[in-house]
Amino acid sequence: MTDNCDSHAKHLLNCRVESLAQVAFNTYRLTFASNWLAEQAQPGQFVNIAVPRCGDILWRRPFSFHQIDRHSGACTVLIQVIGRGSEALTRVQPGEHLSCLAPLGNHFVIPAEIDELLIVAGGLGIAPFFFLLQEVAAQPYKKVLFYGAASADCFCRVDELSSLTSQLFLTTDDGSRGEQGLVIKPLQRFLAEPGGKRRLVLTCGPTRMMQAVQNLCKKYHLPGYVSVENLMACGFGACMGCAVQMIDKGLSAKPFLLACKDGPVFPIDEIVIDE
Ligand SMILES: Cc1cc2nc3c(=O)[nH]c(=O)nc-3n(C[C@H](O)[C@H](O)[C@H](O)COP(=O)(O)OP(=O)(O)OC[C@H]3O[C@@H](n4cnc5c(N)ncnc54)[C@H](O)[C@@H]3O)c2cc1C
Ligand code: FES
């Protein structure tokens with residue numbers, strides 16, 4: 001259900017910045033232009049962007065495709081400022097060009113014959129799911145989003161996400177919007193109710209949240225996929241710096257895979273999710 005992207009398909013692109021806007025606390029939406037990339041990119045894949053004007057930052061920084069307009073060629077990523085690289089990327093100006101290596105990694109492939117698509121996102125883990133929800137908008141199955149954030153001002157694009165989903169559960173750590181507490185709580189309640197027989201779970205976000213989702217999938221025998229955001233360097237399988245441990249089922253000859261090349265999307269019952 002996940003496809004490995006042909007590594008030869010990635011291109012080094014010089015992309016013009018179209019816009020940059022703050023969309024939430026410490027979080028920006030950066031849009032650049034590439035007709036080719038907008039045709040190629042799939043939900044779950046990412047782009048490695050060279051940090052401009054920081055000669056000492058050697059490695060590109062990875063960001064999930066957040067929104068793609070296949071007609072206009074506009075490619076958008078969500079950037080949360082956590083260090084020097086992400087901060088520098090939120091100071092780019094429309095008109096300047098960014099060096100982008102993309103598309104990288106594999107992607108979500110959702111089988112048509114499901115009844116319910118359950119998406120569990122924590123914080124910036126929402127980034128790939130906007131694009132995914134746009135791509136599956138015409139599909140008949142129910143789309144349920146569980147979206148947790150630290151506080152109300154950390155949510156991104158809730159109204160648009162609401163229009164792309166059948167049901168939306170919001171939680172915040174401080175109770176400033178939605179239910180107070182972890183996003184796992186409404187998911188637990190939802191799964192405890194009788195529902196669609198053919199459910200698929202997707203998750204991306206903080207490690208503990210993904211571990212809890214993994215446990216619930218196991219408890220309810222649900223198939224699922226996790227998108228990991230390991231620390232990365234090269235982004236295309238050369239440095240071996242992003243190993244993901246496989247759960248030892250006594251069958252696998254490959255106890256480790258690479259998040260950048262074999263992932264970032266993995267079957268939730270196949271990998272060890274840890275810090
Ligand atoms: C496949 C993939 C997709 C991603 N998608 C997004 C996205 O859509 N939006 C977004 O904002 N971020 C995303 N990230 C994370 C983003 O790449 C990092 O936040 C960014 O590279 C940090 O660069 P920096 O120079 O600002 O911080 P650095 O100076 O490199 O790091 C600052 C601190 O953050 C820690 N850190 C850096 N990267 C990560 C990470 N991946 N996980 C945990 N801690 C980290 C460092 O160890 C350090 O303590 C993604 C990462 C991956 C691997
Ligand atoms: S980041 Fe270099 S191998 Fe994955």
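The values are calculated or read from the model by the stated rules, or taken from the named source; none is laboratory data. Just so we're clear, the structure is a prediction, and the values are computed from it rather than from any experiment. Using ideal geometry, Cβ is built from the backbone for each residue, glycine included, and neighbour counts are taken over all protein chains shown. Heads up: the accessible areas ignore ligands, DNA and RNA and are worked out on the full protein's heavy atoms, side chains in. Shrake-Rupley method; radii C 1.70, N 1.55, O 1.52, S 1.80 Å.
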accessible surface per residue for the chain, probe 1.4 Å, DNA/RNA/ligands not counted, whole Å² -> 46
At 222 nm, what value in deg cm²/dmol follows for the chain if DSSP H runs of at least 4 each add -39500 (n - 2.57) and the sum is divided by all its residues, to the nearest 500? -5000 deg cm²/dmol
Taking the Cα centre of segment 120-275 as the origin, how large is its charge dipole in debye, to the nearest 20, when only Lys and Arg (+1) and Asp and Glu (-1) carry charge on their Cβ atoms? 600
Counting only DSSP beta bridges with both residues in the chain, tell me the antiparallel percent, nearest 5. 60
Long pairs among Lys142/Lys218; Lys10/Lys218; Lys185/Lys249, criterion Cα-Cα beyond 32 Å: Lys10/Lys218
To the nearest whole percent, what portion of all C-alpha pairs in segment 125-275 is separated by more than 23 angstrom? 41
Explain nothing, just compute: Karplus ³J(HN,Hα) = 6.51 cos²θ - 1.76 cosθ + 1.60, θ = phi - 60°, for every residue of segment 162-168 in order, whole Hz, x for Gly and Pro. 4, 6, 9, 10, 7, 8, 10
Between Cys239, Cys75, Cys154, find the one with the highest GNM mean-square fluctuation for the chain; connect C-alpha pairs within less than 10 Å. Cys239
Which of Phe63, Phe146, Phe25 fluctuates most in a GNM of the chain (C-alpha springs under 10 Å)? That residue is Phe25
Roughly how big is the chain's charge dipole about its Cα centre, with Cβ charges of +1 (Lys, Arg) and -1 (Asp, Glu), in debye to the nearest 20? 100
Quick check: the distance between the Cα centres of segment 162-197 and segment 212-270, to the nearest angstrom? 25
I need the phi-derived Karplus couplings for segment 171-183: 6.51 cos²θ - 1.76 cosθ + 1.60, θ = phi - 60°, integer Hz, Gly and Pro marked x. 9, 10, 4, 9, x, 6, 7, x, 6, 7, x, 7, 5
Using θ = phi - 60° and the Karplus form 6.51 cos²θ - 1.76 cosθ + 1.60, what ³J(HN,Hα) does each residue of segment 39-45 get, whole Hz, x for Gly and Pro? 7, 8, 5, 10, x, x, 6
Whole-number D in µm² s⁻¹ for segment 2-104, Kirkwood Cα-pair radius fed into Stokes-Einstein, 37 °C, 0.692 mPa s: 240
Hey, could you pull the Cα Rg and Dmax for segment 115-196, both in Å? 12.2, 35
Cα point-scatterer Debye curve for segment 72-165, base-10 log of I(q)/I(0) at q = 0.19 Å⁻¹: -1.11
Alpha carbon Rg of the chain, scaled by the compact-globule rule 2.2 N^0.38 Å: 0.97
Percent of accessible area on the chain owned by carbon and sulfur, 1.4 Å probe? 51
